[in-house]
């Protein structure tokens, strides 16, 4: 089969942690061809969607990847398109998902372009508010300060951030709080998410990976002593962990909505059993999970794609 990955440049990929690299490696091992392109390489002509791609071969040893000669392919003739561009979800990302809509019913796209547009990784979580910590989304700075005063301590974050970017802790006694809120909201012109600070975060921020609504496993990300963020991208330590019965119950509750929105490969974030984010654009953690389980979990994802490829 031939798969194309719409993603960031390969030279930005960390071979030992990146989930897309793991997909490419597993697909290669299973005999499939991987093609690489960036969002800017996708184009439409005559009602058809094309991409300027290069075949990519990956390896554990340096240089870790090689790229073939550029070629133009009609995406409807491929077996699967993986949308793996890292956030933020900007206008260019939007345009690419709209073009990839033309593939519906012709080529498998993971995750579904329409689902990606509907599922902002912060706001989508509010469909399942009963499982979340206390949360406020607003651009009103006074409203935020009142909310923080009620909670005592809160986490504030931009709606378009990723990898821990822009995540800050504020408290009602911190003289920096007003400056932080001004910055995150663009002085009241941008919406932000404010959540109850969960003390359990010091024990870890759990990432649970799902494939078609089923649990693949979980990893626990523990923040450095000098940081409030647990993200791997900013130095969070990864530990093995189990997915609890309570977390599995949350998965069972939200899985039908994920399926309806075409969100196949998803990362849920839990702190102290509370759901904080639903990651759908380019969820990470599969390499760390594979090391903890002693098997390549990416092969299971590729196997799912093999079984669900749209047959002409």
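Restricting the search to helices (runs of 4 or more DSSP H) fully inside the range 210-312 and requiring at least 3 residues that are outside the structural domain of residue 93 (by TED's automatic domain parsing), touching a strand residue (DSSP E or B) at 6+ places or on another chain (Cβ under 7 Å) and modelled with pLDDT under 95 gives an empty result. Among the residues of the range 123-166, which ones are part of a loop (DSSP other than H, G, I, E, B), within 23 Å of residue 283 (Cβ to Cβ) and touching a helix residue (DSSP H, G or I) at 6+ places or on another chain (Cβ under 9 Å)? Residues satisfying the conditions are 132, 159, 162, 163, 164, 165, 166. Within the option set 58, 73, 96, being touching a helix residue (DSSP H, G or I) at 6+ places or on another chain (Cβ under 6 Å), surrounded by 14 or more Cβ atoms within 10 Å (Cβ to Cβ) and either farther than 16 Å from residue 12 by Cα or not assigned by TED's automatic domain parsing to the domain that holds residue 304 (or both) holds for one residue only, 96.
The set of residues in the range 99-117 being surrounded by fewer than 16 Cβ atoms within 10 Å (Cβ to Cβ) and within 18 Å of the chain's Cα centre (by Cα) consists of 117 alone. When every residue of the range 88-102 is checked against the conditions, at least one turns out to be closer than 24 Å to residue 213 by Cα, touching a residue at least 12 places away in the same chain (Cβ under 8 Å), touching a strand residue (DSSP E or B) at 6+ places or on another chain (Cβ under 8 Å) and part of a helix (DSSP H, G or I).
Scan the range 18-61 for residues that are part of a loop (DSSP other than H, G, I, E, B), closer than 24 Å to residue 90 by Cβ and in contact (Cβ under 8 Å) with a residue 60 or more places away in the chain and the total you get is 1. Which of the residues belonging to the range 167-187 are surrounded by 14 or more Cβ atoms within 10 Å (Cβ to Cβ), in contact (Cβ under 8 Å) with a residue 24 or more places away in the chain and not in a strand (DSSP E or B)? Within the range 167-187, 167, 172, 177, 180, 181, 184, 185 qualify. Quick one: is residue 109 at pLDDT 95 or above and assigned to a helix (DSSP H, G or I)? So residue 109 does not fit the description; no. Taking the numbered list (1) over 22 Å from residue 239 (Cα atoms); (2) surrounded by fewer than 20 Cβ atoms within 10 Å (Cβ to Cβ) in turn, residue 202 passes all entries but (1).
The values are calculated or read from the model by the stated rules, or taken from the named source; none is laboratory data. Everything numeric here is computed off the predicted structure, so don't read it as measured data. So basically every Cβ, Gly included, is an ideal-geometry build from the backbone, and we count neighbours across all protein chains shown.
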